[in-house]
1. Any idea what log10 I(q)/I(0) is at q = 0.17, 0.20, 0.24, 0.27 Å⁻¹ for the stretch 147-221, Debye with uniform C-alpha scatterers and no solvent?
2. 5 Å is the cut-off here: which amide hydrogens, built 1.01 Å from N in the peptide plane, fall below it relative to L190, excluding neighbours closer than 5 in sequence?
3. Among A54, G177, H73, which residue has its Cα furthest toward the positive end of the charge dipole of the chain, with +1 on Lys/Arg Cβ and -1 on Asp/Glu Cβ?
4. Let me make sure I get this right: for the stretch 298-402, a, b and c are the square roots of the gyration tensor eigenvalues over alpha carbons, sorted descending. Under 1.5 in a/c it's rounded, otherwise prolate if a/b > b/c, else oblate. Which is it?
5. With the dipole of the chain worked out from charges on the C-beta (+1 for Lys and Arg, -1 for Asp and Glu) around the Cα centre, which of T440, P196, M101 lies farthest toward the positive end?
6. Give me the 1.4 Å probe accessible area per residue for the stretch 433-591, excluding ligands and nucleic acids, in Å².
7. What percentage of the solvent-accessible surface of the chain, computed with a 1.4 Å probe over protein heavy atoms, is contributed by carbon and sulfur atoms?
8. Can you run the Rg to Rh ratio on the stretch 377-495? Use alpha carbon positions and the Kirkwood inverse-distance Rh.
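The values are calculated or read from the model by the stated rules, or taken from the named source; none is laboratory data. Since we're looking at a predicted model, the values are computed, not measured. Glycine also receives a Cβ, built like all others from the backbone with ideal geometry; neighbour counts cover every protein chain displayed. What goes into the accessible areas is simple: the full protein's heavy atoms, side chains included, and nothing from ligands, DNA or RNA. Shrake-Rupley method; radii C 1.70, N 1.55, O 1.52, S 1.80 Å.
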Amino acid sequence: MTTDQDRSVSDEWLVTNGLGGYAFGTVSGIPARTYHGLLVTACRPPVERTVLVAGLLERASRPGAAAGDLSDHLVDVRLEGRHPVFTYGLGPARLEKRVWMGHGTNTTFVHYALPDGAGPIDLELTPLLTCRQHHAADHGGADVVGSGVRVFVDGREVALAAARGIRMHLAEETARGQGDVAEAVALEPLRIRLEPARSACLVFTTEASGPPDAATALADARRRDTDLLALAGLPAEPAVPSLAARLILAADAFLVRRDIPGVADGRSVIAGYPWFNDWGRDTMIALPGLCLATGRHTEAATILRSFAAFVRDGLIPNDFPDDAGVTPAYHTIDASLWYIAAIAATIHASGDGALLHDLLPSVRQVLDRHIAGTRFGIGMDPADGLLRGGEDGVQLTWMDAKVDGWVVTPRRGKPVEIQALWVNALRHGAAWTGDGRYATAADRAETSFRARFWLPERGYLADVVDGPDGDEWSLRPNQLLALSLPHPLVDAPVARSVLAAVKRELAVPLGLRSLARSDPAYRSAYQGDRWFRDAGYHQGTAWTWLIGPYADAITRFGGGPAAALEVLRPFAAHLDTAGLGSISEILEPEPPFTPRGCPFQAWGVAEVLRTWRANGGT
């Protein structure tokens, strides 16, 4: 894509290493977040992420001319597979820069070349080193030599000679009301004359063995891309990458190693880059798209087995902390139900009977503890068979914003999507175990659901029933789960009415609003500091992942696969904005629907990819 000044600062690129580490920056190269850096390592994969190389000051000139910032000459950026390629115009010369990471290693490569034969070009490259936790803007003046980072130019290690300290203003953190000044140590500039027949590669690594040569490393990175496409059943090197191909490569960023005692080759899913770690709910929602739509069935099974090690009281963790070894948080009513849904999808796609055998004890524990009752007031109501949950100060559903003890959307009682997940989990459990208790419980809950959640005069489903203040009829997208899961809870006439209401009040390009515009609690913007942002996170802000349930409902009740593909097509253009090659977490709920939140979000990528391929998209 051709760049302009505004987009070169707002659009961002990302490369990852499969360990939770990453390199991440703006197209212009100007750091705007605490998370921007050329080498961010996960000290205990996939967490404890630490910024070691905060950036690179790049100056360039033709011989005899004054040097200027390389970013001033940017004319184009594109993705080659998953890896950004920047093109700079310096007179008749075209300079290309590529950035990639070694998979499974803490190594970032920055490669410069003159592809058109013009030149030479003089480069002055100044690495900016630091050693700080990636959420933090301070402590950049730590002992960078002791951080373990090593710098190589064309295979030759460079002595880390510090020249000066610098301070960087981070514009995006200012906009978010966060700490917005970061410190780093500038090394002595590296001066390279780039001849037409010569390339140069700058490498940052913490590996004791040092990096492989640039040509081998680039070939390995390209081979991984072609292998992933082939595994998904697509041409290895499409001339024009399709939406499916681009999303298959985007999906790889989120699949990471997690060290789990007693589990060989533990695996998990990073919920979003740059700031999310791995979350149980996000992992299970994203798993079908990230793994099953990409042909990575073995990894799906490994992730499911990995999470079985953490089942407690019928719950899987909602949040794995940034610090390894800290007990994860279990405050979720839906993650364990999504876990069963992910198991069902994996078994359906792979026919893996051994996986079902291994996980049945976990499935039984989830269902039995939910029937009997477990933490946070979660349990089946014996009066109607519906699943209830909630207690003061705890956010249990995916609408989980909390600010200074204030739960913005508590949704205590019996939320609509929880009933859909509950009935589907019971149906799967009954089919797998032959236990009549689960089938009876599912029948009863479904009958109660139809009686409690639907009023013909409203034309849509309640969001929560039996809450502390009675039933809640705010028009929200959560009701789509009652239409989209394998076992829908409503008949076709009701489903079509619900779908019409959602389309009329909630649907926007690339996602769904979290609350209807007509609701008094609706917030028309997602901006400001953390308090204002979280206050509107689920009060109107549009979410990309919800396009998946919406597309499923359209396929089943609203026009079939062709109609579903139409709501997904706009994502092809989105891949060239915001987080390049990926899908943003959220959008402003009003035109022009500006992307916000995490620019690289797992369940957004996963749900678009899953439904696109399920409906015949290429």
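1. -0.86, -0.97, -1.08, -1.21
2. L125, T126
3. Sorting the options by dipole projection puts first H73.
4. Oblate, since a/c reaches 1.5 and b/c is not below a/b.
5. Of the options given, the answer is T440.
6. Accessible surface, normalised per residue, equals 37 Å².
7. 52 percent
8. With Rg and the Kirkwood Rh in hand, the quotient comes to 0.98.
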